[in-house]
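What follows is a short report on a single structure.
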Amino acid sequence: LYYLWMHPDEAFFASYRSSAPRVVFGMGMVVTVLLSLIVHSIGRRQDSLLTLVEERTASLTEAVAMYERMARNSRTIAMRVTAVGVVSEISESILDILGYSPAEAGALSFQALLPASGPGATVMDKVLPPPGVTWAKRHAFLCKDGQVRWFASTFHSGRDRVAGDAFWDVTSTDVTEAHEAEVALMMRERKYRSLVEDMGDVLLEVDAQTLRFAYVSPAIARIGLGLHPADLVGRTLPDVGVFQDEEAVLAELRGVIGDGASGERADEAPVRPVDAVLVGPAGKSLDVEITFRHFRDQASGRGMVGGILRDVSFKKMREKYEHLPMAAMQLLAEPEDFDSLLGRLAQLVKRETGVDAVGVRMNRGRGFPFVASTGYDAAFLATENAISLESESAGEGGRCNLRCFCGLVLSGLAPKGWQRTSYGTAWINDFTDDLAETVRDPSVRACYHSALASMVLAPIRVDGTVIGMLKMDCRTAGAFPEDVIPMIEALGAQIGESFERVEAERSLRESRRQYASLITNMPGMVYRYAVEGGWKLEFMSEGAFDLCGHAADEFLSGGVSYESVVDPAAVKPLWDAWQQLVASGGTRHLAYAIVHKDGTRRWVLDTSAAVQGESGACQAVEGFVFDITERRRAEEARARFAMAMDQSREAVLITDPDGVVEYVNASSAVLTGCSAAETLGSTMPLFALPPADSERYHAMWKALLKGHVWETQMESVRMDGTPFQERVAVSPIRDAAGAIVSFLVIRRDVTQELQDADEREKLRGQVAQMSKMESVGLLAGGIAHDFNNMLQAILGYSEMALMQLGDSHPVQPDILAVRNAARRAAELTQQLLVFARKSKFEPKVIGVPKAISATASLLKRVIGENVAFELALPDLDYCIKVDPSQFDQTLTNLCINARDAIGVRPDGRIALRSLVRETEREIVTPTGILPPGRYAVVSVSDNGSGIPPDQLGRLFEPFFTTKPKGKGTGLGLATVYGTMKASNGGIVVTSAVGSGTTFELYFPLVASEDADAPPRSVNRVQVRVEGGRGEHVLLVDDEETVLATTRRMLESIGYEVLSTSSPLKALDILREKGATIQLLISDVIMPEMTGPVLVGRAREILPGLRCLLISGYTGNILSEHGIAENNQTLVHKPFTRAALAHKIRECLTS
């Protein structure tokens, strides 16, 4: 041990080496004994310690369980938080308080349990202090359900003895309820303080022993006297001197203190109010009421007096104003001139309210002058009186520029900076320089220069109309609190009511005067019959004389009864009406006739009413009778006019200026299909906006607003959807002032008229076409004579030449060509005359089906085999009257034209049909208008190229053709036209380009028994030219060429010819050689005399002279000269040599 402890050197060992073993042994034994004792003692101690540890562990476990129970009951959470903020240990109470289980909380940081913002969010931000330091803080924890709860936490820092890590032991107690109560208490305290400081009344606390002010609320500074709480707190009541009657206030205060010294509770202490006058540093005063109450301070136990100081200046002022309306009513009810009463009222108001000036303005024509005033000097009134509601210039919005503040308020406006009520009252309590500049009028400055600080302007109204104004002025600011304004308005209203009453009384007197004058002068009579007492007449106005011819006194005296004046037929209805009035009351209107004294009959309207007494029974019947004779006549005229309007074919409507229908006649329903009930109240589409045709709409309004009548034609639609054309005329109706009050609209259905107009237009076209055709016919007839004369020369010379030439002569073919050309020219001329109806026309009654069947084979040959020919004829037979040859020629011409229109088309087809058609309307055709009736219709249809529409009007013009050059003469359809015209028939053409054309020929039907026998067939044989026998012939013709040609023809036949171109010379020849002349051949129309005249003169010279006429004119011209077209002694030019020879022989031998 020594060695180990002391580390001896060699000297030590040397000195003890001899005894070392013994020492070591002895020492070892001692150590062994000691060690045994120690081990035994330690063993016993260990057992004791283990027993103690077990006891302490059980005690600790019980303490922890008790702590947990206490923590839960006290809502306390215990946790250990590491230096980095991790919750290492936590009590189970967290589950009940925050909703986290200990395991969930152990997984969170302490910072995660804190709200993201607000108090407690930075609890763990501090640096950990040394171990053993403790600090406390109130903060919030975030519950698992999102709620926030408040805790009082104690943080104790420490360090782990083993690991040495720092930590916090945190004990957090839930104080949420206490925290919320503290916050609520704080808010209530703050609210109470705000109420105390903001209330209008002043709160006082005075020490009962020293009479010092312990508290004065800030309201003392707002009462306008220049006092502040600092001026009073800490000073005694006698020292501050703020009360005018300080002794009375002190006496009341001491009385309250004395009453409170008896020790009663504050809520039982008596309340002692006292009136006083509070005076400010500047001497300004205010009426106040102070209420004292004794109480004892709970903290110090000292007696205190609480006081409430209240401004009662308005209360006292209100008491002054409250009785004014009643006083005004009593004053203005006195029997005196109203303006004088207003003057007394102004003095009363000034005296009672203490204001400096009072004035009353009333409407006097254009202005509102003062009619009563007090407190204003003469200069002020002179300036202020000049106020008018009218001005030469108007301000913004059309309002008049009114003078001064009074004018603005009278016009319903409020001056700038003034207060204004809905009634129209305006007032101001601090009139300054700035406000004086708001209106540029000297009178405003007059108010300002009069040192007026407070003004009130209250309008005086009657039934809402401003008739005046009450003006009150004061040189003291704030003289008119808002609460007194209603009483001032009531005062103005009382003036208005009194004025209305005065005016009503005046109006009543005037009304009575006017009523008496009206009854006397009105155009009628007024009567009153008393029911009781046998219907006695109590009153009759003077108008009875003008109405009945009898004076009112005659009726009242009984000399004339009203019944005798009434028409006998109206007596009973009038009596029944009066009886109904007596039975049921009310009013009755009855129109009846009376007989004037002069015997004239007049119509009157009697308006009578029952007059009931207090019992409700009828006491009298009063009535007014006036003449309605003219009105009756006007009503009858209006009724006739309305009847005429309803029976008018035109629809007549009357609208208001906006186009809303106010009247409609019966024809409107026929026109539109909409009943009168549906039309009335609706807006006419013509006036609707925007219209479909805006140009027409604007043109209409432009014309109407100028007062012009506007007319238009438009298409409309009936209720059933049927369109129709109508003509509308709109006329403005103006009143006496020239303003448009309504519009007269006349609507007429012109659909049929337009159709008729189209028909007329077609007719005019047809007439024009017929006129043109007639002109062409006249032209054709006129030139036919010249053509025939020329053709006569050509035919005559060619025949003479052929007679002289042999068959082998080389010129003979040329001469034959000339003759044939002349013959074709003659045929063309004949066709032209057929068109012009100037040729010989021999109509006969023929059966249409038979005639068509007879010519059908010829038509097939003409059409050709490459075109299909369809023939459709009915079984019945019907007849027409026509020239048979021209009928055949007509069908031939139409079929040839159809064939040419088809051309080389492989599916060409021509259909010839006939039927009987009965028409109920006129048919307009190129040949004229066909009347309604039964017609035989022959139609020729093809499916050829068709006719363009622009060419349909020219189809029947001579020489008009659409065929290529050399393929047609243009006379085929002209011949058809002439035939139909001569037959009194018509032609209807329908065509479509590319589809074909149909010609329908309308022939009037005739009776079948008038049919002519069919002509017998005649074998054509060669006619031999019968030569002359040397007879002497006198030839007369004014055309030298015809004269020479005919002379040679006659001589070649074998006649001796004397010729001349003058009818007068022919008469001379007859006189010289009359005995040798057997025949006279004369042209019909010659310059000196006509052929018939020449024949007559010649037979006067030589009775029995044979005569023959020749002419190139047409039949109608010949008929004008008395020569029938079928005259046997007439030869038409051009004629052949054989025809002339045959006709001469007939004439000589007949």
Given (1) in contact (Cβ under 8 Å) with a residue 12 or more places away in the chain; (2) among the small types (Gly, Ala, Ser); (3) out of contact with any strand residue (DSSP E or B) (no Cβ under 9 Å at 6 or more places or on another chain), where does residue 591 come up short, assuming only one miss? (3)
Somewhere in segment 1109-1121, is a residue among the small types (Gly, Ala, Ser), part of a loop (DSSP other than H, G, I, E, B) and either modelled with pLDDT under 90 or farther than 19 Å from residue 1149 by Cβ (or both)? yes
Determine whether residue 758 is outside the structural domain of residue 657 (by TED's automatic domain parsing) and not small (Gly, Ala, Ser). yes
Of everything in segment 954-982 that's surrounded by fewer than 23 Cβ atoms within 10 Å (Cβ to Cβ) and polar (S, T, N, Q), which residue is modelled with the lowest pLDDT? 969
Residues that are over 21 Å from residue 644 (Cβ atoms) and in contact with a strand residue (DSSP E or B) (Cβ under 8 Å, 6 or more places away or on another chain), at least 2 per element: which helices (runs of 4 or more DSSP H) completely within segment 660-713 meet that? 694-705
If residue 929 satisfies all but one of (1) aliphatic (A, V, I, L, M); (2) buried (at least 19 other Cβ atoms within 10 Å of the Cβ); (3) over 22 Å from residue 993 (Cβ atoms); (4) within 59 Å of the chain's Cα centre (by Cα), what's the number of the condition it fails? (2)
Among the residues of segment 546-560 satisfying the criterion of being in contact with a strand residue (DSSP E or B) (Cβ under 8 Å, 6 or more places away or on another chain) and crowded, with 18+ Cβ neighbours inside 10 Å, which is farthest from residue 626 (Cα to Cα)? 555
For segment 762-774, does any single residue satisfy the condition of being out of contact with any Lys or Arg (no Cβ under 6 Å at 6 or more places or on another chain), modelled with pLDDT of 75 or more and either farther than 30 Å from residue 973 by Cα or among the basic types (Lys, Arg) (or both)? no
Those residues of segment 586-628 which are of a type in the set (Lys, Arg) and either outside any strand (DSSP E or B) or not assigned by TED's automatic domain parsing to the domain that holds residue 529 (or both) amount to 597
Among the residues that make up segment 216-234, is at least one of them among the β-branched types (Val, Ile, Thr), on the phi < 0 side of the Ramachandran plot, in a strand (DSSP E or B) and at pLDDT 85 or above? yes
Of the residues in segment 1027-1080, those that are part of a loop (DSSP other than H, G, I, E, B) and either surrounded by fewer than 19 Cβ atoms within 10 Å (Cβ to Cβ) or not hydrophobic (A, V, I, L, M, F, W, C) (or both) number 13
Within segment 777-785, is even one residue modelled with pLDDT of 80 or more and either hydrophobic (A, V, I, L, M, F, W, C) or in the same structural domain as residue 886 (by TED's automatic domain parsing) (or both)? no
Within segment 874-923, residues among the β-branched types (Val, Ile, Thr) and crowded, with 19+ Cβ neighbours inside 10 Å come out as 880, 882, 890, 902, 910
Looking only at segment 333-363, filter to residues that are in contact with a strand residue (DSSP E or B) (Cβ under 9 Å, 6 or more places away or on another chain) and of a type in the set (Gly, Ala, Ser); which one of those is surrounded by the most Cβ atoms within 10 Å (Cβ to Cβ)? 359
Residues of segment 76-110 that turn out to be assigned to a loop (DSSP other than H, G, I, E, B), of a type outside the set (A, V, I, L, M, F, W, C) and out of contact with any helix residue (DSSP H, G or I) (no Cβ under 6 Å at 6 or more places or on another chain), as a count: 1
Going residue by residue through segment 625-644, is there one that turns out to be in contact (Cβ under 8 Å) with a residue 12 or more places away in the chain and exposed (fewer than 11 other Cβ atoms within 10 Å of the Cβ)? no
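Here is a check on your reading of the model: is residue 493 of a type in the set (Gly, Ala, Ser), in contact with an Asp or Glu (Cβ under 8 Å, 6 or more places away or on another chain) and at negative phi?
On the way: of a type in the set (Gly, Ala, Ser): yes; in contact with an Asp or Glu (Cβ under 8 Å, 6 or more places away or on another chain): no; at negative phi: yes.
So residue 493 fails the test.
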Within the group 563, 532, which residue is touching a residue at least 60 places away in the same chain (Cβ under 8 Å) and surrounded by fewer than 15 Cβ atoms within 10 Å (Cβ to Cβ)? 532
Condition (residue is surrounded by 10 or more Cβ atoms within 10 Å (Cβ to Cβ), at pLDDT below 75 and in a loop (DSSP other than H, G, I, E, B)) applied to segment 60-72: is it met by at least one residue? no
Might you let me know whether segment 1061-1070 holds any residue that is closer than 22 Å to residue 793 by Cβ and either in contact with a Phe, Trp or Tyr (Cβ under 6 Å, 6 or more places away or on another chain) or of a type in the set (D, E, K, R) (or both)? yes
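Answer yes or no as to whether residue 216 is surrounded by 17 or more Cβ atoms within 10 Å (Cβ to Cβ), within 23 Å of residue 302 (Cβ to Cβ) and free of Cβ contacts under 8 Å to residues at least 24 places away in the same chain.
Against the criterion (surrounded by 17 or more Cβ atoms within 10 Å (Cβ to Cβ), within 23 Å of residue 302 (Cβ to Cβ) and free of Cβ contacts under 8 Å to residues at least 24 places away in the same chain), residue 216 qualifies.
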Sort out which residues of segment 561-585 are in a helix (DSSP H, G or I), over 20 Å from residue 627 (Cα atoms) and in contact with a strand residue (DSSP E or B) (Cβ under 7 Å, 6 or more places away or on another chain), and write them in order of number. 580, 581, 582
Quick check on segment 799-856: of everything there that is among the hydroxyl-bearing types (Ser, Thr, Tyr) and in a loop (DSSP other than H, G, I, E, B), which residue is modelled with the highest pLDDT? 808
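The values are calculated or read from the model by the stated rules, or taken from the named source; none is laboratory data. Nothing here was measured: the structure is a model prediction, and the numbers come from that model. A quick note on method: Cβ atoms are made from the backbone with ideal geometry, for glycine too, and the neighbour counts reach across all protein chains shown.
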